[in-house]
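Values in this text are rule-based calculations from the coordinates and carry no lab data. Because the structure is predicted, anything quoted here is derived from the model rather than measured. Quick reminder, even Gly has a Cβ in these numbers, built from the backbone with ideal geometry, and neighbours come from all protein chains shown.
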Amino acid sequence: MIQNFELDDVKIYDIKITNANKTDTKDIRAQLLTMSVYEDIQEPTIYAEISLVDQISLVSKLPIVGEETIVISFKSPFRDEITTYNLKVFNISGEAVQDSNKGSVYKLQCVSEEHFVGSVLNIEKAYKDIISNIVTDILVNNLKTTKPLDIEPTKGLIPLVIPRMNPFESIDMIRQRAIGYMPTGGVFVFYEDQKGIHFRSLESLIDMGKETINSRVFTYDPATKEDTLRETHRFRNMINYEQLKKTDTVTKLASGVFNNITKSYDIHTKGFGETIFKLAEQSNKIVTGQKKTSLPNSGEFIENYSNRDQYKFFAPKDISKGTDYITDYMGYKQSFATLFNQNIVRAYVHGDNYLKVGDMVTLELPDTSAVKTTSKKDKPYSGNYMITKLRHMIYMEDKRFKHKVSFDCNKIGLS
C-alpha cells in the first residue's frame, strides 16, 4: 500500500509501447499528458486514448504506424490488485508541433486486440446448440482469445446459420435471442472489462453485484470535500453528478412496458400461440437490486394500462427443431430493457482502479427539490445502480499522476 498519498494519487506501473515486429519497447510514462480507458456494457472491446508530448521522436524511431501493442498497469493507493489493460494502437491523431519546437503532441487511439482480429474475420457456420455454447465457440475457435471468459449458461436449442458476419456482429445477433436460467429468462449483454470478456444477463449481474455493493457507496455532499481529516469518506464522495435521464412515461407506453402480447406461429404444427405480459401481474419477478422497490409509476396507473391492448410482437417458430423459449420471454425482455434505460445518472468520483462496468453501486443523492440542496436524501433517485459505461482518467498534475473516474449508471424502479 502506498503511504502518504494525496487524494486521486495513482501508481502507474507500466505504460509501455512495443513496435509491430516486437523488436523494441519504450516506457512512455514520462511523455504522458492524459490517458482515458473506456469500458462499456454495450461494447465488445475496451477503447483507450493516450495523449503524449513526444520529445524523443517515438513516431519515427520506434516507429508508431498503428500496429503497436500498449500495456497499461496502474493501482490506487488503497487497493491490493493492479489493473492491467493490453491494447493495440490503431490510429495516431491530432499531431502538432509544440510552440517551443522541441517535440510534438499527439493522441494514440487503442482497442483490444480482439477488435483487430474480428475486423478481418467473417463467420460462415451452421449451429444447432445452446447460445452460450455458440458464443464460447466463436470466442475460442474464431477470435482465438486467451482472456478469461465469463459465459452465463443459456437454455433452448437454437438452429442458426451465421451468413458471413464478423464475430462481434454474430454474437450481438444471437445475444438478443439468449434465454438464461433466471426465472425471467434474462436480458443479455456482451462486453469486455478489466477482468475479461462477459456474456451475461443484466439480472444475473444485479444479483451478483448485491453481494459487494456495501463497499461501493457514493455520497454527494459538497461539505465533505472541505473536511481534510476524512480521507476515506472523501474517497467515496462524488465530486459531481448529473441526471442524464429520468423516467419517461410516454416511452414506456409506446414500447409496451405495461402490457404487450407476443403472437407466434409454429411452422411445424401450423398452430398459433399467444403470450401475454402484464407488468401489474409480473412486476414482483423483475430483478431491480433495490432493498425495497416500487416501479416508477403508481399501481393504479400500471394496472390501468396493463388492461389495454397496447403492443404486439409476432415471431415464427418451429418446434420440430427444438425449443428455444424465445416467445415465452419476449414481452418481459422488452419491458425490462425499457425500464433499465429509464433512469440514468453520470457520476464523477475519485480514482479507484477496482471500478468496472457491470458493478453495482449505491448512490446517495441529495434532495434538490428545495431552493438549495439539503442534507436529506432524494429517496426516489437514491439507491442501487449498475455501472454501464466507465472511463478511467489519468493525468499529470503538479508532477504527480492523478486518477479520476466517470461512470454512467442505470437504476430500475424508484426506492
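Evaluate E = 1/(1 + (r/R0)^6) for Asp137 and Thr368, where r is the Cβ-Cβ distance and R0 equals 35 Å; express this FRET efficiency to the nearest 0.05.
0.10
Using r as the Cβ-Cβ distance of Tyr181 and Thr34, and R0 as 41 Å, what FRET efficiency do you calculate, to the nearest 0.05?
For Tyr181 and Thr34, the calculated efficiency is 0.40.
Given the DSSP H assignment, sum -39500 (n - 2.57) over each helix run of at least 4 residues in the chain and divide by its residue total; what's the result at 222 nm in deg cm²/dmol, nearest 500?
-4500 deg cm²/dmol
Would you grab the residues whose amide H sits under 5 Å from the one on Phe218? Only those 5+ places off in sequence or on another chain, please, with H modelled 1.01 Å from N.
Here Thr362, Leu363, Glu364 satisfy the definition.
Angle between the Cα long axis of helix 326-340 and the longest principal axis of the chain, 0 to 90 degrees, nearest 10?
Roughly 50 degrees between the two axes.
How high is the relative contact order of the range 249-340, in percent, with contacts defined as C-alpha pairs under 8 Å that are six or more residues apart?
47 percent
Full-extension gain between Thr323 and His268, please, as 0.36 nm times their residue separation minus the C-alpha to C-alpha distance.
Gain in length upon complete extension: 18.6 nm.
Kindly provide the pair-distance distribution of the range 249-340 built from C-alpha pairs, with 5 Å bins from 0 and whole-percent values in order of increasing distance.
All Cα pairs, binned at 5 Å, distribute as 3, 13, 24, 22, 14, 11, 8, 4, 2, 0 percent.
Could you tell me whether the range 118-202 comes out rounded, prolate or oblate from its Cα gyration tensor? Rule is a ≥ b ≥ c as square roots of the eigenvalues, rounded for a/c under 1.5, then prolate if a/b exceeds b/c, otherwise oblate.
oblate
Counting Lys and Arg as +1 and Asp and Glu as -1, each charge on the Cβ, what is the dipole of the chain about the Cα centre in debye, to the nearest 20?
480 debye
Of Tyr13, Phe168, Gln31, which is farthest along the charge dipole of the chain in the positive direction, counting Lys and Arg as +1 and Asp and Glu as -1 at C-beta?
The one lying farthest along the dipole's positive direction is Phe168.
Around Val217, with a cut-off of 9 angstrom between Cβ atoms, what is the net charge of the other residues, counting Lys and Arg +1 and Asp and Glu -1?
+1
Only Cα pairs within less than 10 Å get springs; with that Gaussian network setup on the chain, which residue of Lys317, Lys125, Lys356 has the largest fluctuation?
Of the options given, Lys125 has the highest mean-square fluctuation.
Express in nm, to one decimal, how much length is gained between Tyr13 and Ser57 on full extension, taking 0.36 nm for each residue of separation and deducting their alpha carbon distance.
That works out to 13.6 nm of additional length.
For the chain, what does the relative contact order come out to in percent, with C-alpha contacts under 8 Å and a separation of six or more?
18 percent
How high is the relative contact order of the range 1-120, given as a whole-number percent (alpha carbon pairs under 8 Å, six or more residues apart)?
27 percent
Calculate, for Lys379 and Ala254, the FRET efficiency according to 1/(1 + (r/R0)^6) with r their C-beta to C-beta distance and R0 22 Å; round to the nearest 0.05.
0.20
With the crude spin-label approximation of a point 7 Å out along Cα→Cβ, what separation in nm comes out for Thr23 versus Glu124?
Placing both labels 7 Å along Cα→Cβ, they lie 3.8 nm apart.
Search the structure for amide H atoms under 5 Å from the amide H of Thr25, placed 1.01 Å from N in the peptide plane, and list their residues when 5 or more places away or on another chain.
Answer set, sorted by chain and number: none.
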